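Peer 1: Below: one structure in structure tokens.
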Amino acid sequence: MKKIILSAILGCGLMGNVLAQGDAEAGKSKAAVCAACHGADGIGTTDAYPNLAGQHADYVVKQLKAFKGGSRVDPVMAPMAANLSEQDMADLGAYFENVGKGGSTDSASAEAGSAPAAPAAPAIVADAAMGKTLYEKGDESRGITACITCHGKDGDSEVLINPNLSNQHPEYIVKQLNNFKEHATSDGEAGRANAAMNQVAANLTEQDIADIGEFLKAPADVKQAAKAKKTVELNHVGDVALGKEKSATCIACHSADGNSMVPMYPKLAGQSEQYLFKQLMDFKKAVDTNNEEGRVDPVMAGMIAPLSENDMQNLAAYFASQKVSPSAAEANELGETLYMSGDAQRGITACVACHGVNGQGMALAGFPVIGQQHVDYLKIQLGKFRDGSRGNDMNSMMRNIAAKLTDEDMEAVAQYMSSLK
Ligand code: HEC
Ligand code: HEC
Ligand code: HEC
Ligand code: HEC
């Protein structure tokens, strides 16, 4: 057994050597879009999002490739990885590997010892001591290799292609073990594929998985940091009342309540505050960089000139707090197909992955609401992403997609998006 593991490690080591050289500084700016889920400091914002802080760069790159290539299936990560180049991946890996070194979670973990146990299925009472034994010794009689051989003492793996399990959400660990197991027990039809892990997880019972999750909780201890963050998600950052005061100059085009009457001008009502704030900052950035960066628009450039960053945050909060007016657009088949399923043959990612089933986007990730938006405005924006005149989308997420859309696609999908609520 030892020899098999060793050769696996050597094989992986070779793979590591051919990876592109990562630049952590470049990775930091590319990671802005990841922060919504994986946290600005690499600590997942909820239990569903894995921590990446301190994770091995090689492992991060390998996973990003797997999400992009489809060998690791996840509807959220697939579109995130689809647009990353090898260099982007290497930069992101370098960034996340180093971000943990600052110890930004230390203060939170110090007081996390008394975190209440997750509500496990009633029949199973997780036992950390059993988990520790299984982790460190395995169970030869059941063919379970000790996790420590590959993941290291207390989950700090010394092999760069094997993930660290310390500093990870226990919920995420349990989910992944179930995914690996599912792959093994479904003849590879579902779940997460990895030869080593499928073999190990196939023999784990639900009780084993709960025990291991419980044992790894202690090294993780990052739960409270994640919980503390969750509470701010939905509150407005800006001041709605101050934003309203500032909005007088916007009324001519966007209306007092943010529901513009002119179909070329976007509705701002009900749009996410994060997204609106980013757009305003991007319009300003274009002015500041002579249209080299940011979002270029001569009309909005004039509008934002007198605004401070605080004003922008308050305006964003005000319009986000308004209710969007209904759209008369109707669903159509071509639009629905593109939106819901994309087009694998033409390499078009389904819009639903980021803009959501109801067109409500994902505020935390910076994905805008497009439901009930004016059809004309949506079409104009798709055209701008296609010809590159709008280039403020992180990692070219929208430009890469729009480049593959025909005029007919745009008409249909814009109608469909506007009909969503
Ligand atoms: C909208 C939320 C979201 C965003 C934004 C996001 N991710 Fe993820 N990410 C996830 C989820 C959910 C998973 C877990 C998937 C699973 O369960 O297999 C994940 C998993 C990962 C993993 C695998 C971690 C592991 O331990 O195996 C890596 C690496 C990763 N993401 C990197 C990134 C990078 C880099 C970005 C930015 C370019 C990014 N993610 C943006 C939600 C997100
Ligand atoms: C022979 C080596 C080996 C053994 C033994 C092993 N693992 Fe793994 N494990 C891996 C590798 C390699 C991966 C990364 C899989 C990939 O690249 O997708 C992994 C991934 C994981 C993940 C997913 C981590 C993430 O960030 O997504 C978990 C959880 C995990 N292992 C837990 C365990 C547990 C618990 C045991 C013991 C019962 C164990 N492993 C035993 C090699 C091993
Ligand atoms: C003279 C008309 C006009 C006025 C006045 C105006 N805007 Fe705009 N606004 C536009 C146009 C046109 C666009 C679309 C620009 C493009 O095509 O990229 C836009 C776009 C926006 C966007 C991006 C929306 C999205 O969905 O991406 C925001 C945010 C915005 N405006 C906020 C404001 C605020 C805040 C004010 C007041 C301080 C304001 N606007 C005043 C015409 C105007
Ligand atoms: C990988 C995630 C992702 C996918 C998939 C995606 N989008 Fe987007 N979309 C974004 C982001 C992010 C933005 C905002 C970019 C920015 O910061 O300005 C955006 C913006 C837009 C806008 C402009 C909205 C506004 O208010 O200005 C339109 C229109 C749009 N997307 C349509 C689509 C369509 C149609 C599809 C599918 C064919 C699609 N998107 C697929 C992430 C995505």
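Matching residues to (1) more than 21 Å from residue 51 (Cβ to Cβ); (2) in a loop (DSSP other than H, G, I, E, B); (3) within 16 Å of ligand 4 (Cβ to nearest atom):
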| residue | (1), (2), (3) |
| --- | --- |
| 158 | no, yes, no |
| 174 | no, no, no |
| 178 | no, no, no |
| 187 | yes, yes, no |
| 199 | yes, no, no |
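Peer 1: Look at residue 65 and say whether it is at pLDDT 85 or above and within 16 Å of ligand 2 (Cβ to nearest atom).
Peer 2: yes
Peer 1: Can you name the helices (runs of 4 or more DSSP H) wholly within the range 335-421 that have at least 2 residues being of a type outside the set (Val, Ile, Thr) and more than 23 Å from residue 286 (Cα to Cα)? Can you show your working first?
Peer 2: On the way: elements: 352-355, 375-387, 397-402, 407-419.
The qualifying helices (runs of 4 or more DSSP H) are 352-355, 407-419.
Peer 1: Kindly indicate which of 322, 373 is modelled with pLDDT of 95 or more and within 11 Å of ligand 3 (Cβ to nearest atom).
Peer 2: Numbers: 322 fails: within 11 Å of ligand 3 (Cβ to nearest atom).
Selected residue: 373, the only one of 322, 373 that is modelled with pLDDT of 95 or more and within 11 Å of ligand 3 (Cβ to nearest atom).
Peer 1: Take residue 40 and tell me if it is touching a strand residue (DSSP E or B) at 6+ places or on another chain (Cβ under 8 Å) and either of a type outside the set (Gly, Ala, Ser) or surrounded by fewer than 21 Cβ atoms within 10 Å (Cβ to Cβ) (or both).
Peer 2: In short, no.
Peer 1: Which of the following residues is within 14 Å of the chain's Cα centre (by Cα), in the same structural domain as residue 27 (by TED's automatic domain parsing) and modelled with pLDDT under 80: 79, 75?
Peer 2: 75
Peer 1: Which number in (1) in a loop (DSSP other than H, G, I, E, B); (2) modelled with pLDDT of 95 or more; (3) within 28 Å of residue 326 (Cα to Cα) marks the one condition that residue 294 misses?
Peer 2: (3)
The values are calculated or read from the model by the stated rules, or taken from the named source; none is laboratory data. Quick caveat, the model's predicted, so the values are computed rather than measured. Here the Cβ is made from the backbone with ideal geometry for all residues, glycine too, and neighbour counts use every protein chain on show.
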